[in-house]
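Below: the structure, in structure tokens.
The values are calculated or read from the model by the stated rules, or taken from the named source; none is laboratory data. Owing to the predicted nature of the structure, the values given are computational and were not obtained by experimental measurement. Positions of Cβ are generated from backbone atoms using ideal geometry, with glycine treated the same way; all protein chains shown enter the neighbour counts. We work out accessible area using only protein heavy atoms, side chains counted, and drop any ligands, DNA or RNA first. Shrake-Rupley method; radii C 1.70, N 1.55, O 1.52, S 1.80 Å.
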Amino acid sequence: MSFSLTNTMYPANHKTVFVLDHTPYFGISCENPIEFEFLKSRTPGFIPMNPISKSLWTSSVESAIEYCRIVWDLFPTGKLVRFIASDTVAHILNTWSPLQQNLTHIMNGMSLIGIPPPPVPLRSVGTPQDHTVLHGLRAAIEAISEPTDLQEKLKSSLDGQKILNKCRVICITSARDNDSMKRLEDIFLTVLNQQNKASATSDKSLSIDHCHLVIINTFPISIDSQVNNHPPKVLSPILTTEVHSIKAPHIPNKFSSIILDHYDLASTTVTGIPMKEEQNASSSANYDVEIFHVSSAHTAMLKGNASDSAAIRTIKDGLEYETTTLKWCTPRGVMGSELQNCTCMHRITPVDVNSRPSLCLINFLLNGRSVMLEMPRKAGGKITSHLLAAHGGEIFIHTLCTARSVLEDPPSISEGCGGRVTDYRIPDFGLLIKQNTLVPIKLKGNEDGGQPIQKMKTRLNRLTRYWPMTISSTLIFNLKNYFDPLPTLISKEKITDDETFQCKKVIYNLISLESKMEPLHPPNTGQRVKGQKREEQYKAMWNELETLIKNNLHSENHRGVYGCLLECHKFNFDEDKLGDKVELDDALNQLDNIGPGKNDQDVPRASVIRATTDSPMSPPPLASIAPPLSRAGLNRSGGIYHAQRTLLEIFASHEKGKSRPEFAGRQGDSLVWKLYPNLKTNDHGPREGMEVE
């Protein structure tokens, strides 16, 4: 079973247990004062009320309840959450029964256990009570070993096959330092192994295949915690732990970030919502509302243009996750009951459920109206990507189809993104497909040379070592009347002597054309190939021809063609704009003397001299003949242009023409020489012992 299928059938978020620390320490204040006085006008003698501050317990409960609200809004079934409060004992607030998976039941249970107990005085008489979160963690391990209704159905449908019991435990507590947190993780792992041993001999409980323990270490604002965060860490094959140390007022922000990972959610911010002001109904302002939904609602949009997707994704202010900003589109009488061409649909829930903009948007949608969301494009314009509408009292986000409909004709291969016509080599690609079409054959047992599929892969690799995709990126394949049959022959695995002669003949014909300075024209057109100068045009042609041949050195004859190219042509645009070429007469002489029946040893090498033509403006011929270009003259990349020289070679060639006297100490048999021989001629007085050996 694949990993993705396993996580789909047995997700870790099917069973989640919240363990809340209910010890006396959580009864202290968060030290985050909240103003309780809302009156703007104060009469003389008015005494304002003091600000209030939540306790650690209140912040923990509110954050956990909000976490559950988001989960149960988006997943009415299949995602179960249990609550356990821990002080001297473990207070279990609900079970895995679907009837107890609602906020009302949880809030009633919270009101029954009340606030954390007061701290025990030091001088009190009696047995000290053990207030610890470990009671709740032990109860949580027992709870996750209990099968749910869905697991019972899977167990019966799989005919006794093992089902994976994966779960998550979220513990909100407070530790003194890293050592205390480490002991807490070790104790949890020990109890987890003990529970698995007990479950192995019981038919009423399930072994825990994997547990994800998330510990939220919280503390008041004025305290600096000694507990460090650590990302998910594998303590054992069945336990992964992570620790987040945050201040109590920031627990909701942390839960907003981790819930996206726990349930594969995404955030969308609907911006530009017009809304009438509460104080002045005649005026309106634009507001933003953030919603959560399953991340697959953005899959199609994120697969589009990368620059457009990056422009609408931003980090939420003060938080750790990204949100996608989509613009409100003014509704034009579109009702939610009307059909829309959409690809997927998921439930949504507002992040700030009690804010006035969220309430207005939710009520607007529940009244039967729908909202179109637009995605702006970086290049300009916009596209309608999503639709918000309510069905049966629940609000959904619909991902609209922004691509071609299946009912339309398929797009042409020449159409790029947005219908832009590109210059792909479509006829040549079709010929390549035709030449490499696979047909079924029967393989004989005594055949050598490997499997046919491997032979075909080798052939395709050879034919596509240099194969430009577009017309504008190649010159050789656009001028087939000048180069045929060289491109076809050079890509073969083996070429005969006759085919080698044909390839060399193409090279000499090109040198002849370059000697006459004739421009290269594409077939059946009177326009010159892109390029302002003939020199640049020939330079690009020679570079591409060398790249083609160099990528097809499959045999000795292939290397002979490449050697012919290197010996017959040398052109450096940086040093000499005209360069050195094979003279026309020598090129024609080579064509007469070379061939399959000729002896290569009797063939004279082509002379490389400055080009001369019959034009009256031709420069006089050079007196000296430049040596043919060898492999040693190539640059590091193997090109025939722009040969690079090292600093030592430049210095050596510069110093070669200079003559300087050799140091006297190196002359003769003796290596002893008197330093400063004319020193005694000055008026400094005689000095002895200045000779150095």
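Taking 27 Å as the limit for the C-alpha separation, the pairs Lys505/Lys533; Lys79/Lys382; Lys434/Lys539; Lys457/Lys504; Lys480/Lys539 exceed it in the case of Lys79/Lys382; Lys434/Lys539; Lys457/Lys504.
Ordering Lys539, Lys233, Lys303 by accessible area with a probe of 1.4 Å, largest first, what comes out? Numbers along the way, then the final one.
Numbers: Lys539 35, Lys233 80, Lys303 165 Å².
The most accessible residue leads, giving Lys303, Lys233, Lys539.
Work out how much length Gln435 to Ser295 would gain on full extension: take 0.36 nm times their residue separation and subtract the Cα-Cα distance, in nm to one decimal.
Computed gain between Gln435 and Ser295 is 46.0 nm.
By a 1.4 Å probe calculation restricted to protein chains, Ile650 has an accessible surface near 70 Å², given to the nearest 10. Pairs exceeding 19 Å between alpha-carbon atoms, taken from Lys442/Lys492; Lys204/Lys233; Lys166/Lys197; Lys15/Lys153: Lys442/Lys492; Lys204/Lys233.
For Arg425, the solvent-accessible surface computed with a 1.4 Å probe is close to 10 Å², ligands and nucleic acids excluded. Label 7 Å along Cα→Cβ of Asp149; the range 84-111 residues with amide nitrogen under 19 Å? Taking a point 7 Å out along Cα→Cβ of Asp149, the residues of the range 84-111 whose backbone N falls under 19 Å are 93-106. Stretching the chain fully between Ser222 and Lys316 yields a gain of 31.3 nm (0.36 nm per residue, less the alpha carbon separation).
In a fully extended conformation the segment linking Lys516 and Arg183 would gain 111.1 nm over its present Cα-Cα distance, using 0.36 nm per residue.
Site pair Ser207 and Glu37 shows an inter-label distance of 6.5 nm when each label is modelled 7 Å from Cα along Cα→Cβ. Heavy atoms of the protein only, probe of 1.4 Å, neighbouring chains included. What is the accessible area of Ser472 in Å², nearest 10? In the full protein context, Ser472 sits at about 90 Å².
Take the Cβ atoms of Gln454 and Lys533, set R0 to 56 Å, and the FRET efficiency comes out at 0.75.
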